[in-house]
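Note sheet for the following structure.
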């Protein structure tokens, strides 16, 4: 066999290492070791679509508050494959969400069942410019899926977009056509919508935009939406169900995917990390295995962030990034094919948010000082998105190292990517073994490393 060249990139607490290339090593001949990670590229699992974050009106507004030069810096830092995180899979909202400047819908005309007054003009101010800047910078196939937080108020049982209420039964087909109209209007703007989720957090009655769907109601609406999209020539649009918390998704999955008529329209199941204890990612991921094994549908992490609640800011915190790393690792190791962060950009307050539901983001912009803060989640995201490329396949990994979290993929060009995270207070030594080669390494405390392995002159 040939050589394996390994490039090692590191992000570590209390250092200036941020996605920094720290070493380039040629692996040695295999030796005996008691503490090791063994990679097996012959075992293949799910194929990745990509990583990314969400385009929101709030993010677009924040972007507009800084100079054009700094706007371009942020866009490059997310979407450029060489100088940024290489984001390739992103979310946006259809109608308003809490991270909008206020409630809005594309037609607010009472009983506008023919959608005569439908207009996306509101999105032209902040949201579409944000998306178009990203599309222009991206040198990959950037896929965008959309999620509604609420139908227009006149379609709902409570007559408002916020604080609960459900879709009125008589408007189901109109609402389905609304999705189709939205996709077509965005297409005219040069923005292709790749997929849709039925509803953001369909079981959450919140102070902001929402709409409640029972499992049976979402199942039945899928049977309306799927045929409408097909009739509108949009049968290639991917439909994602649930789009809510992982820890309570099993009943929803069984109700929808257990119905053959509904299941045939469903491309995948989306989930979030929120819950009573969202640190239990390993335990919660049992439902991901269950969904994959029983129904064979794609699994997508569609939203996660750190709410601020009574905190003023998480700028400079390290645990926030480690939380991202922990969840990404667990989700990828349990069949997830795409992973999408929530807001990419927010202001110094964690907004704007029209109901003061402030949250953290990987990039915080102090609009008063014109300063850009790159927080630890930004770098932790990059250890995955920058190296595990669209089309990469997860490969076999066996490890006896309990203190480290690990996942490994093979890119389409044959490169192997191994990501290792150490949340502990102590450094950890280990050995990586692949084919007949080995590499001894030590990861510092509170660090994440990505090993990019290039197989040179291999003859299989």
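The values are calculated or read from the model by the stated rules, or taken from the named source; none is laboratory data. A quick note: this is a predicted structure, and the numbers were derived from the prediction, not measured. Note that each Cβ is placed from the backbone with ideal geometry, even for glycine, and that neighbours are counted across all protein chains shown.
Against the definition (at pLDDT 95 or above, part of a helix (DSSP H, G or I) and crowded, with 20+ Cβ neighbours inside 10 Å), how does residue 130 come out, yes or no?
Numbers: at pLDDT 95 or above: yes; part of a helix (DSSP H, G or I): yes; crowded, with 20+ Cβ neighbours inside 10 Å: yes.
Yes: the conditions hold for residue 130.
Could we say that residue 408 is more than 30 Å from residue 309 (Cα to Cα) and assigned by TED's automatic domain parsing to the domain that holds residue 10 here? Steps first, please.
Details: more than 30 Å from residue 309 (Cα to Cα): yes; assigned by TED's automatic domain parsing to the domain that holds residue 10: yes.
Yes, satisfied.
When you go through (1) at pLDDT 95 or above; (2) part of a loop (DSSP other than H, G, I, E, B); (3) not assigned by TED's automatic domain parsing to the domain that holds residue 366 one by one for residue 87, which number turns out not to apply?
Every condition holds for residue 87 apart from (3).
Name the pairs: first residue in the range 243-254 and on the phi > 0 side of the Ramachandran plot and without any contact (Cβ under 8 Å) to a residue 60 or more places away in the chain, second residue surrounded by 19 or more Cβ atoms within 10 Å (Cβ to Cβ) and not in a helix (DSSP H, G or I), Cβ to Cβ under 9 Å, at least 6 apart or on different chains?
none
Tell me whether the range 424-444 contains one or more residues that are touching a helix residue (DSSP H, G or I) at 6+ places or on another chain (Cβ under 8 Å) and either more than 25 Å from residue 331 (Cα to Cα) or in the same structural domain as residue 20 (by TED's automatic domain parsing) (or both). Walk me through it before giving the result.
At the first step, the residues of the range 424-444 found to be touching a helix residue (DSSP H, G or I) at 6+ places or on another chain (Cβ under 8 Å) are none.
Scanning the range 424-444 turns up no residue that is touching a helix residue (DSSP H, G or I) at 6+ places or on another chain (Cβ under 8 Å) and either more than 25 Å from residue 331 (Cα to Cα) or in the same structural domain as residue 20 (by TED's automatic domain parsing) (or both).
Kindly indicate the residue of the range 1-32 that is within 10 Å of residue 454 (Cβ to Cβ) and crowded, with 18+ Cβ neighbours inside 10 Å and also modelled with the lowest pLDDT among those meeting that condition.
That would be 4.
Do any strands (runs of 3 or more DSSP E) lying entirely in the range 281-389 carry at least 3 residues that are surrounded by 21 or more Cβ atoms within 10 Å (Cβ to Cβ) and under 17 Å from the mean Cα position of the chain (by Cα), and which ones are they? Quick ask: steps written out before the conclusion?
Values: elements: 298-303, 336-343, 345-347, 363-366, 371-374.
Ranges flagged: 298-303, 336-343.
Do we find that residue 49 is within 27 Å of residue 148 (Cα to Cα), buried (at least 16 other Cβ atoms within 10 Å of the Cβ) and at pLDDT 95 or above in this structure? I'd like the intermediate steps shown before the answer.
Details: within 27 Å of residue 148 (Cα to Cα): yes; buried (at least 16 other Cβ atoms within 10 Å of the Cβ): yes; at pLDDT 95 or above: yes.
Judged against the criteria, residue 49 is a match.
Going through 101, 85, 39, 110 one at a time, which residue ends up being touching a helix residue (DSSP H, G or I) at 6+ places or on another chain (Cβ under 7 Å) and within 27 Å of residue 339 (Cβ to Cβ)? Give the steps one after another, and end with the answer.
On the way: 101 fails: within 27 Å of residue 339 (Cβ to Cβ); 39 fails: touching a helix residue (DSSP H, G or I) at 6+ places or on another chain (Cβ under 7 Å); 110 fails: within 27 Å of residue 339 (Cβ to Cβ).
On inspection, the qualifying residue turns out to be 85.
Any residue at all in the range 221-232 that's outside any helix (DSSP H, G or I) and modelled with pLDDT of 95 or more?
Looking for residues that are outside any helix (DSSP H, G or I) and modelled with pLDDT of 95 or more, one finds at least one in the range 221-232, hence yes.
Any idea which of (1) touching a residue at least 40 places away in the same chain (Cβ under 8 Å); (2) over 24 Å from residue 64 (Cβ atoms) is the one residue 117 doesn't satisfy?
Residue 117 satisfies every listed condition except (1).
Please give the number of the condition residue 192 fails out of (1) in a loop (DSSP other than H, G, I, E, B); (2) buried (at least 17 other Cβ atoms within 10 Å of the Cβ); (3) without any contact (Cβ under 8 Å) to a residue 60 or more places away in the chain.
So residue 192 meets the others, but not (2).
Does residue 52 satisfy being under 30 Å from residue 125 (Cβ atoms), touching a helix residue (DSSP H, G or I) at 6+ places or on another chain (Cβ under 8 Å), part of a strand (DSSP E or B) and in contact (Cβ under 8 Å) with a residue 40 or more places away in the chain? Before you say what the answer is, go through the steps one by one.
Details: under 30 Å from residue 125 (Cβ atoms): yes; touching a helix residue (DSSP H, G or I) at 6+ places or on another chain (Cβ under 8 Å): yes; part of a strand (DSSP E or B): yes; in contact (Cβ under 8 Å) with a residue 40 or more places away in the chain: yes.
Spelling it out, residue 52 is indeed under 30 Å from residue 125 (Cβ atoms), touching a helix residue (DSSP H, G or I) at 6+ places or on another chain (Cβ under 8 Å), part of a strand (DSSP E or B) and in contact (Cβ under 8 Å) with a residue 40 or more places away in the chain.
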